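This report concerns only the one structure given below.
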Amino acid sequence: MSLRRSSSSEEDPVDRIPPGSQILRRGAEAVLYRGRWHDLEVVVKKRVVKSYRIPSLDLKIRRFRTMRESNLLHEAKLVGVRTPLIYSVNLDSTSIIMEYISGDRLKDVLDSFKSSELNEFSMRIGVLIGRLHRTGIIHGDLTTSNMILIPKGEICLLDFGLGEHSTGLEARGVDLHILRTILYSTHHTIAQNSFQRILDGYRKEMGREEADPVIGRTDEIARRGRYVSAR
Ligand SMILES: Nc1ncnc2c1ncn2[C@@H]1O[C@H](COP(=O)(O)OP(=O)(O)O)[C@@H](O)[C@H]1O
Ligand SMILES: [Mg+2]
């Protein structure tokens with residue numbers, strides 16, 4: 001991995017994208033390019049300038065999130081959670097060059113799973129989240145768009161830009177709450193079943209003693225949300 005930070009200039013150099021790359025997706029804060037770099041199939045995640053922020057603060061936020069994302073992608077891998085390999089991090093261009101993961105986003109395939117597959121993959125997702133939480137990592141944006149099902153059946157987690165280190169009940173509870181909310185809004189027909197299996201996987205990995213208070217907190221967060229929105 002190469003880490004470069006050569007100047008304190010607030011310019012946004014755009015030249016870190018390998019020639020011939022194509023735009024893969026435009027996210028809320030980053031543009032994702034797909035291309036070839038040193039004979040590797042890569043994705044470049046480049047955080048773009050947000051003009052509504054004060055420029056110096058904007059640069060700080062983009063640098064911080066770039067750094068945080070690359071660190072957490074790496075740390076997750078160390079505890080057996082599949083994430084893209086990081087090839088290069090550049091804090092001037094606020095970009096990460098990483099392995100291209102070929103497969104289907106869970107968002108696009110979850111609804112078409114047979115019930116046995118749904119149970120199996122939901123359990124696996126729960127196990128992965130348990131592994132992160134057990135080692136003090138909070139993903140921060142657990143949505144089915146940030147999960148890729150790779151051909152051999154493994155699930156790869158992406159997008160740790162909003163992640164953090166914490167072992168707190170609230171942070172863990174919010175992580176699961178975000179996933180439940182996404183399941184109910186995007187995959188409502190299978191949401192209940194899927195979330196129950198996710199919790200089974202989570203309990204299996206974390207152990208009941210650690211997992212049950214987090215699950216209790218997730219329910220409390222949902223009740224709080226309903227109370228706030230009903231007022
Ligand atoms: N390494 C990767 N390999 C393949 N696709 C990726 C990779 N990284 C991101 N993507 C695709 O780009 C989308 C947006 O990337 P993501 O990191 O989630 O950015 P954002 O912060 O904008 O949500 C993902 O949902 C996924 O479809
Ligand atoms: Mg994302």
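Read the figures in this text as sums done on the coordinates, not as results from a lab. As the structure is a computational prediction, the values presented were derived from the model and not from experiment. Virtual Cβ from ideal backbone geometry, glycine too; neighbours counted across all protein chains shown.
Other residues whose C-beta falls under 14 angstrom from the C-beta of ALA191 contribute a net charge of +2, scoring Lys and Arg +1 and Asp and Glu -1. Rounded, prolate or oblate for region 118-164? Axes are the square roots of the Cα gyration tensor eigenvalues, ordered a ≥ b ≥ c, and the cut-off for rounded is a/c under 1.5. Oblate is the answer for region 118-164, as a/c is 1.5 or above yet b/c matches or exceeds a/b. The ranking of ASP159, ASP200, ASP58 from fewest to most other beta carbons within 10 Å of each one's beta carbon is ASP200, ASP58, ASP159. Along region 56-71 the Karplus relation, 6.51 cos²θ - 1.76 cosθ + 1.60 evaluated at θ = phi - 60°, assigns HN-Hα couplings of 5, 6, 4, 5, 4, 5, 5, 5, 4, 5, 5, 5, 4, 4, 5, 4 Hz to successive residues, with x for each Gly and Pro.
Separation of region 42-83 and region 159-231 by C-alpha centroid, Å? What the calculation gives is 24 Å, centre to centre. Each semi-axis of the equivalent ellipsoid for region 2-99 is √(5λ) with λ an eigenvalue of the Cα gyration tensor; in descending order they amount to 21, 17, 13 Å. By the count of other C-beta atoms within 10 Å, a proxy for reagent exposure, TYR52, TYR33, TYR87 are ordered fewest to most as TYR52, TYR87, TYR33. When the Cα positions of TYR52, LEU40, THR135 are compared along the charge dipole of the chain, TYR52 comes out farthest toward the positive end, with charges on each C-beta of Lys, Arg, Asp and Glu. Taking the fewest neighbouring Cβ atoms within 10 Å as the starting point, the ordered list for HIS187, HIS74 is HIS74, HIS187.
How many times 2.2 N^0.38 Å is the alpha carbon radius of gyration of the chain? Working it through for the chain, the quotient is 1.06. Across region 148-164, computed HN-Hα scalar couplings (Karplus, 6.51 cos²θ - 1.76 cosθ + 1.60, θ = phi - 60°) run 10, 8, 8, x, 7, x, 7, 10, 9, 9, 10, 6, 9, x, 10, x, 7 Hz from first to last residue, x flagging Gly and Pro. Annotation: lysines with alpha-carbon distance below 16 angstrom to LYS60 (same-chain offsets under eight excluded): LYS46, LYS50. Principal-axis analysis of the Cα atoms of the chain puts helix 115-134 at an angle of about 70° to the longest axis. 3J(HN,Hα) along region 174-179: 5, 4, 6, 4, 4, 5 Hz, from the Karplus curve 6.51 cos²θ - 1.76 cosθ + 1.60 with θ = phi - 60°, whole Hz, x for Gly and Pro. Lysine pair count for region 68-216 (Cα-Cα distance under 21 Å; residues 8 or more apart in sequence or on different chains): 4.
Remark: the Cα gyration tensor places region 122-231 in the rounded category, a/c being less than 1.5.
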